[in-house]
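The values are calculated or read from the model by the stated rules, or taken from the named source; none is laboratory data. Nothing here was measured: the structure is a model prediction, and the numbers come from that model. Note that each Cβ is placed from the backbone with ideal geometry, even for glycine, and that neighbours are counted across all protein chains shown. Each accessible area value is taken on the protein alone, full model and side chains, heavy atoms only, with ligands, DNA and RNA left out. Shrake-Rupley method; radii C 1.70, N 1.55, O 1.52, S 1.80 Å.
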Amino acid sequence: MEDRSYFYLPPPITTINKKVITMKVSMSIELKDIPGQLVHALQPISNLGGNIRSVQHQRDKKTPSGRIPLQLVLEIEERSLNILVERLKERGVNVVRIGEERLKDSMVVLLIGHIVHSDLRETIDSIDSTGFAEVVELSLSMPGVDMTSSASVTLSAIGKEELKDALDILEATAEKKGIMVISSI
Amino acid sequence: MKQETVRISIIGFGYVGSGVAEVIRRKREAIARKHGIDLKIVGIADLKGVIADEQGVSEEAIRALKAGEKQGDMTSLDIIRDVAHEVMVETTPTNVETGEPGLTHIITALESGRHVVTSNKGPIALEYQKLMELAAKHGKEIKFEAAVGGAMPIISLVRENLAGNGVMSIKGILNGTCNYILTRMAEEDLPYEHVLKEAQEIGIAETDPSKDIEGVDTAVKLVILANSIFGMNATYNDVKVVGISEITPDALKLANDAGYVIKLIGDVDSDGRLEVAPRLVPKDDPLNVGGTLNVATIKTDLAGEITVIGKGAGPIEAASAILSDIIGIYS
Ligand SMILES: NC(=O)c1ccc[n+]([C@@H]2O[C@H](COP(=O)([O-])OP(=O)(O)OC[C@H]3O[C@@H](n4cnc5c(N)ncnc54)[C@H](OP(=O)(O)O)[C@@H]3O)[C@@H](O)[C@H]2O)c1
């Protein structure tokens, strides 16, 4: 019998592009100076499934019109952002500025091992749920049952630190499942 | 020019040891003219026997030694201790567990007042500090450029040419066998086992390739760099090591599609990180060299990044580093 390694055939490669995009947003708003306004302003965010990462509230600082300025950082699905702005306006909250915190740093990571779809899903979710990083592209090569699979994963994050955190999450998950992670230099 | 005679012993007369004798024979006159030192081999030891001659060993005696004609009753240690000379060249096999026989050869040489130049990784990786202290105590030098990147200068580059710079990290391919295997797998789309067998057939991989492919050889070289350049006191056990045997043609193809190659990279930095692992290297990065080449990128605070590429193995290439080390002691 001939050595089967001479007959190595390239397996098909599938690419998954994800559609639901969570974005990180910083927002400057102004509240009326009456009790209960903060809760009143933050409610629509959680109602829309958003996450509040930080609130900066300077009590002693006021706008010329006597309102209280507030800085918010939140994560929210891209498609919900406009609805949020509408709801805030309805509640009498002035939205002064909205800035998207872009996923501006990316890296490619390779995985090798017995990769199962469910493991991948779990890994992607754990990164996407951070709000500061996500898996933006994934190519998977599964030559067959009982054979080693490989995947290339593109991670994006809002900054270098966050990218490193995302890689740590990926590495921790992979280690648990005995999957080898090849990171870039 | 005033000539100084530098008498040399070569302990371990295999590929590299014979390479040293060969380059000295070829370059002796030129070195005398340029550097004012006359290199004279006065003793050679090998497991097959030893030869010694204070006038310089003859070509015939070397041929006889190589042919396995037993040459008398002296041992390697007798040569090191009792034959008057200035530089002991240590080129016996690397043992990363005990460092022997090289460790004893080197200690004996320093205690006998000889400078030491070696290509043997074991003693330097295991007992760096002790050997440096011993050398200092006896006012002698110990040099080991050949042990890390073969012909590729790293240690003298950092210590001499980049003197004054702070070194932040050194990253590179320090094992030609792994580089050959990964390069062939990627270029020809061949599985690991196939390429390994091929590499063994053409003499690039050893019959027992485990030290190379499991990353041990790279890790040992990294320890030498950590200790000699970063002033650490590291041992092999401090290095996180992953080898290349799990790499598949699929993985290489995915990497290629994303603009990368996979290389076994040794990585040491001033924060104490010591790691050997397959890494993605952008195709346009200077670390992307093919075949059996070695490469290292040295990141410094003043000069920025400097990359050296060269042949990491080969008897003449290793002998080149040894020769430069010898000349370096006298300039
Ligand atoms: N080859 C390369 O390209 C290269 C590059 C860089 C560094 N190095 C390092 O350089 C060293 C030599 O490599 P090599 O390729 O020349 O190996 P080699 O061909 O196996 O030569 C080793 C020589 O040492 C002799 N030897 C063994 N034990 C000895 C002892 N107790 N006393 C005296 N001689 C002894 C051997 O004798 P017998 O032949 O009688 O056994 C042999 O002649 C190794 O440490 C290696 O890691 C090699």
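Assuming a viscosity of 1.002 mPa s and a temperature of 20 °C, what translational diffusion coefficient in µm² per second does Stokes-Einstein assign to segment B:64-176, Rh being the Kirkwood radius over Cα pairs?
Details: Rh = 15.6 Å.
It diffuses with D of about 138 µm²/s by this estimate.
Taking the Cα atoms only, what angle lies between the long axis of helix B:176-188 and the longest principal axis of chain B, rounded to 10 degrees?
30
Helix B:102-111: angle to the longest alpha-carbon principal axis of chain B, degrees 0 to 90, nearest 10?
So the inclination is approximately 40 degrees.
Residues in segment A:122-149 near a label at residue A:177, defined as backbone nitrogen under 16 Å from the 7 Å Cα→Cβ point?
A:122-129, A:135-149
Using only helices, what value at 222 nm comes out for chain B when you add -39,500 (n - 2.57) per DSSP H run of length 4 or more and divide by the total residues, to the nearest 500 deg cm²/dmol? Walk me through the numbers on the way to the answer.
Values: 13 runs with 132 residues, N = 331.
Calculated at 222 nm, the ellipticity per residue is -12000 deg cm²/dmol.
Report the charge-dipole magnitude of chain B in Debye, nearest 20, computed about the Cα centre from +1 at each Lys and Arg Cβ and -1 at each Asp and Glu Cβ. Show your work: numbers first, answer last.
Working: 34 positive and 48 negative charges, 189 e Å.
Dipole of chain B, to the nearest 20 debye: 900 debye.
Based on the Cβ-Cβ distance from residue B:47 to residue B:138, what FRET efficiency comes out when R0 is 41 Å, to the nearest 0.05?
Working: r = 27 Å, r/R0 = 0.67.
Efficiency computed from Cβ-Cβ geometry: 0.90.
May I ask for the net charge around residue A:173, where only other residues with Cβ less than 12 Å from the Cβ of residue A:173 are counted and Lys, Arg are +1 while Asp, Glu are -1? Spell out each step's value before the answer.
Details: positive: A:121, A:176, A:177; negative: A:119, A:122, A:125, A:168, A:171, A:175.
Cβ neighbours under 12 Å give a net charge of -3.
Inside 10 Å of the C-beta atoms of B:253-263, what's the mean count of C-beta atoms belonging to other chains?
Per-residue shielding by partner chains comes out at 5.
Would you list the membrane-span-like helices of chain A, meaning whole DSSP H runs whose alpha-carbon atoms span at least 20 Å along their axis and whose mean Kyte-Doolittle value is at least -1.0? Before the final figure, lay out each step's value.
Values: long enough: A:160-177 (26 Å, -0.89).
Membrane-span-like by this rule: A:160-177.
Report ³J(HN,Hα) in whole Hz for each residue of segment A:106-111, in order, from the Karplus equation J = 6.51 cos²θ - 1.76 cosθ + 1.60 where θ = phi - 60°; Gly and Pro get x.
10, 8, 9, 10, 10, 10
Anything losing 40 Å² or more of accessible area from the isolated chain to the full protein assembly: pick those residues out of segment A:72-114, probe 1.4 Å, ligands and DNA/RNA ignored.
A:108, A:110, A:112
At a 10 angstrom cut-off on C-beta neighbours, averaged per residue, how do the peptides B:213-221, B:253-261 rank from highest to lowest?
B:213-221, B:253-261
How big is the B-A contact in terms of buried accessible area, both chains counted, 1.4 Å probe, rounded to the nearest 100 Å²? Don't jump to the answer; show the numbers that get you there.
On the way: alone 15020 and 11410 Å², together 24430 Å².
Roughly 2000 Å².
Whole number in Å², please: accessible area per residue of segment A:100-185, 1.4 Å probe, ligands, DNA and RNA not counted. Walk me through the numbers before you get to the answer.
On the way: 3920 Å² over 86 residues.
It amounts to 46 Å² per residue over segment A:100-185.
Kirkwood hydrodynamic radius (Cα pairs, Å) of the protein assembly as shown?
Working: mean 1/r = 0.0373 Å⁻¹.
Averaging 1/r across every pair of different Cα atoms and inverting gives 26.8 Å.
May I ask for the Kirkwood hydrodynamic radius of segment A:22-100, worked out over all distinct Cα pairs and given in angstroms to one decimal?
Numbers: mean 1/r = 0.0797 Å⁻¹.
In segment A:22-100 this quantity evaluates to 12.5 Å.
When the helix-only estimate is applied to chain A (DSSP H runs of n ≥ 4, each -39,500 (n - 2.57), divided by the residue count), what is the mean residue ellipticity at 222 nm, nearest 500 deg cm²/dmol? Let's see the in-between values first.
Working: 4 runs with 51 residues, N = 185.
Mean residue ellipticity at 222 nm (helix-derived): -8500 deg cm²/dmol.
Summarise the accessible area of segment B:35-82 (1.4 Å probe, protein heavy atoms) by the percent that is carbon and sulfur.
Within segment B:35-82, the accessible surface is 46 percent carbon and sulfur.
Which angle between 0 and 90 degrees, to the nearest 10, do you get for helix B:15-35 versus the longest principal axis of chain B when only C-alpha atoms count?
So the inclination is approximately 70 degrees.
Taking beta carbons within 10 Å but only from partner chains, what does the mean come to for residues B:277-290?
The mean count of partner-chain Cβ atoms within 10 Å per residue comes to 2.
At residue B:78 and residue B:236, where each label point lies 7 Å from the Cα along Cα→Cβ, what is the point-to-point distance in nanometres?
Placing both labels 7 Å along Cα→Cβ, they lie 3.2 nm apart.
Under the √(5λ) rule applied to the eigenvalues of the Cα gyration tensor, what semi-axes describe the equivalent ellipsoid of segment B:159-311? Give them in Å, descending. Kindly include the intermediate steps, with their values, before the conclusion.
Values: eigenvalues 146, 60, 34 Å².
One finds semi-axes of 27, 17, 13 Å for segment B:159-311.
Hey, any idea what % of segment A:26-119's accessible area is carbon plus sulfur with a 1.4 Å probe?
Values: 2560 of 5430 Å².
The nonpolar share, carbon plus sulfur, comes to 47 percent.
Using the structure shown, list the pairs from B:48/B:137; A:24/A:61; B:2/B:121; B:66/B:197; A:61/A:104 with a Cα-Cα distance above 28 Å, or answer none. Please list the in-between numbers first.
Values: B:48/B:137 33 Å; A:24/A:61 26 Å; B:2/B:121 35 Å; B:66/B:197 30 Å; A:61/A:104 33 Å.
Check vs 28 Å cut-off fails for B:48/B:137; B:2/B:121; B:66/B:197; A:61/A:104.
Percent of alpha carbon pairs in segment A:16-165 separated by more than 23 Å?
Working: 5306 of 11175 pairs.
So the portion of pairs separated by more than 23 Å is 47 percent.
Quick check: residue separation of residue A:96 and residue A:147 times 0.36 nm, minus the Cα distance between them. What number comes out in nm?
Numbers: separation 51, 0.36 × 51 = 18.36 nm, distance 5.55 nm.
Gain on stretching residue A:96 to residue A:147: 12.8 nm.
Would you mind checking which residues have amide H under 5 Å from residue B:46's amide H? H placed 1.01 Å from N; only 5 or more apart, or other chain.
B:12
Using alpha carbons only, what's the Rg to Rh ratio of segment B:91-144 with Rh from Kirkwood?
Numbers: Rg = 9.8 Å, Rh = 10.6 Å.
Using only Cα positions, Rg/Rh for segment B:91-144 is 0.92.
Modelling each spin label as a point 7 Å along the Cα-to-Cβ direction, I'd like the residue B:67/residue B:187 distance in nm, to one decimal.
About 4.1 nm, to one decimal.
In Å and from the alpha-carbon atoms only, list the Rg and Dmax of chain B.
So, for chain B, Rg and Dmax equal 20.3, 63 Å respectively.
Counting residues in segment B:202-246 as N, plug N into 2.2 N^0.38 Å and put the Cα Rg over that result. Walk me through the intermediate numbers first.
Details: Rg = 12.3 Å, N = 45, 2.2 N^0.38 = 9.3 Å.
Expressed relative to 2.2 N^0.38 Å, the Cα Rg reads 1.31.
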